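Read through the structure below, which is laid out as structure tokens, and then see the notes.
The values are calculated or read from the model by the stated rules, or taken from the named source; none is laboratory data. Small disclaimer: the values here were computed from a predicted structure and weren't measured. As a convention, Cβ positions derive from the backbone with ideal geometry for all residues, glycine included, and neighbour counts pool all protein chains shown. Accessible surface areas use protein heavy atoms only, side chains included; no ligands, DNA or RNA. Shrake-Rupley method; radii C 1.70, N 1.55, O 1.52, S 1.80 Å.
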Amino acid sequence: MPKIRAAVCHAFGQLLSIEEVDLRAPEPGEVEVTLAACAICFSDISFMDGGWGGTLPAVYGHEAAGQVTGVGAGVTGYEEGDTVLVTLIRSCGTCPTCAVGHPTLCEAPYDRTKGPLKTVDGGPMQHGLSCGAFAEKVVVHASQLAKIPASMPMDAASLLSCGVITGVGAVVNTGQVRPGETVVVIGAGGVGLNAIQGARIAGAARIIAVDMSEDKLAAAREFGATDGILATEAKPWAKAKQIAGRGADAVFVTVGAVLAYDSAMKYLATGGRMVMVGMPHSGATSSYEPVMVAATGQAMIGSLMGDTVLARDIRWMTDLYEQGRLKLDELISGRWSLDEINEAIADTRSGAARRNVIVF
């Protein structure tokens, strides 16, 4: 097997190790991509910390872009030299959820311990988030790719693989925000800023950002928020209702914090919907009064990867980027080498970064 350099997790909560691993050639239905960039997402960090289980050693990373350098048997639509995104959206195309247009919820099993990665001595290695993109190359199922313009900067393009489609898609696809509606976005980090962009693109009349930091509220305004509220206020939901004149039509929780979920429904108007985007660690719980949800006709909706359909959504998002209507370059806080990944992760943990990108 060919050897590549990768950042390997050997123990939850510990630093990653830069070392050689084995990456097999693409099998039927798979594609090899030589990466140009991979952004760091909090989902990677949650897995690294053991928040969602899994086996070790593992290579995480799933928000990537690069060039096709190998194509397995039976793959159509991709050839060597194509510029592509690499995502964790692995879909079979035929299960009940795929068949009705929800590939992010594909029910086909995939054993990540039997993926294309192995240790140099032949031992098992988890194919983290079905991508393993904290590495020079990946081998993934063809369904996990989407073509992008060759002229597009790869560091900006990589953000479309997760953070952007998760935030924008949660608003446009899951929340189905309509022109004139009032939107509250809880959390103005990487995903939150993209939810704000999505609300702006969808034509929301009021976009109210809620965060713990004044700096992040200022950033939220740069991306389209009309108002900002500190989450540390006594009753931030009351201030939101004062600003809008009523409750929100939709509230998007973009952080994986139980406290944010505990208060989210308080922002809603009668008939409003709360879209659950951020993912707390397994076992964390929140509580609501069912009678209030039922009596006000409100809804709680889960959103995984923004309910994205790659073949449909990446095209219009890249078009918006090229038109200057979707901010991507502005999301990048820092560019780091693979050898600097632990420093980049520490910077991401601090909460100051919008998105840090590993550039190969």
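Quick notes on this one:
- Of the candidates G101, G81, the single residue that is of a type outside the set (S, T, N, Q) and farther than 25 Å from L304 by Cα is G81.
- Going through (1) surrounded by fewer than 21 Cβ atoms within 10 Å (Cβ to Cβ); (2) under 26 Å from the mean Cα position of the chain (by Cα); (3) not small (G, A, S) one by one, L268 falls short only on (1).
- Exclusive hit being out of contact with any Ser or Thr (no Cβ under 6 Å at 6 or more places or on another chain) and within 27 Å of F47 (Cβ to Cβ), set A295, A250, A269, A257: A257
- Residues in the range 115-138 that are open to solvent by 20 Å² or more (accessible area, probe 1.4 Å) and assigned to a loop (DSSP other than H, G, I, E, B) were compared, and the one that is nearest to E30 (Cα to Cα) is E136.
- Of residues in the range 220-245 being in contact with a strand residue (DSSP E or B) (Cβ under 8 Å, 6 or more places away or on another chain) and assigned to a loop (DSSP other than H, G, I, E, B), the one farthest from A269 (Cα to Cα): G224
- Residue list for the range 326-341, filter: open to solvent by 20 Å² or more (accessible area, probe 1.4 Å), part of a helix (DSSP H, G or I) and either closer than 30 Å to Y261 by Cβ or touching a strand residue (DSSP E or B) at 6+ places or on another chain (Cβ under 7 Å) (or both): E330, D339
- Output for the range 88-114, where each listed residue is touching a residue at least 40 places away in the same chain (Cβ under 8 Å), in contact with a helix residue (DSSP H, G or I) (Cβ under 8 Å, 6 or more places away or on another chain) and in a helix (DSSP H, G or I): P103, T104, L105, R112
- Every residue from the range 281-316 that is surrounded by 11 or more Cβ atoms within 10 Å (Cβ to Cβ), outside any helix (DSSP H, G or I) and β-branched (V, I, T): T296, I301, T308, V309
- Test for Q323: is it without any contact (Cβ under 8 Å) to a residue 40 or more places away in the chain, out of contact with any Phe, Trp or Tyr (no Cβ under 7 Å at 6 or more places or on another chain) and either more than 30 Å from D155 (Cα to Cα) or open to solvent by less than 20 Å² (accessible area, probe 1.4 Å) (or both): no
- Look at the range 75-87: where a residue is among the acidic types (D, E) and a partner is open to solvent by less than 30 Å² (accessible area, probe 1.4 Å), sitting 6+ places away or on another chain with Cβ atoms under 8 Å, you get E79/V68; E80/V68; E80/G70; D82/V68.
- Yes/no for A209 being under 19 Å from T182 (Cβ atoms) and either in contact with a Pro (Cβ under 6 Å, 6 or more places away or on another chain) or not in a loop (DSSP other than H, G, I, E, B) (or both): yes
- Across the range 240-254, a minimum of one residue is classified as free of Cβ contacts under 8 Å to residues at least 12 places away in the same chain and either surrounded by 14 or more Cβ atoms within 10 Å (Cβ to Cβ) or under 20 Å from I207 (Cβ atoms) (or both).
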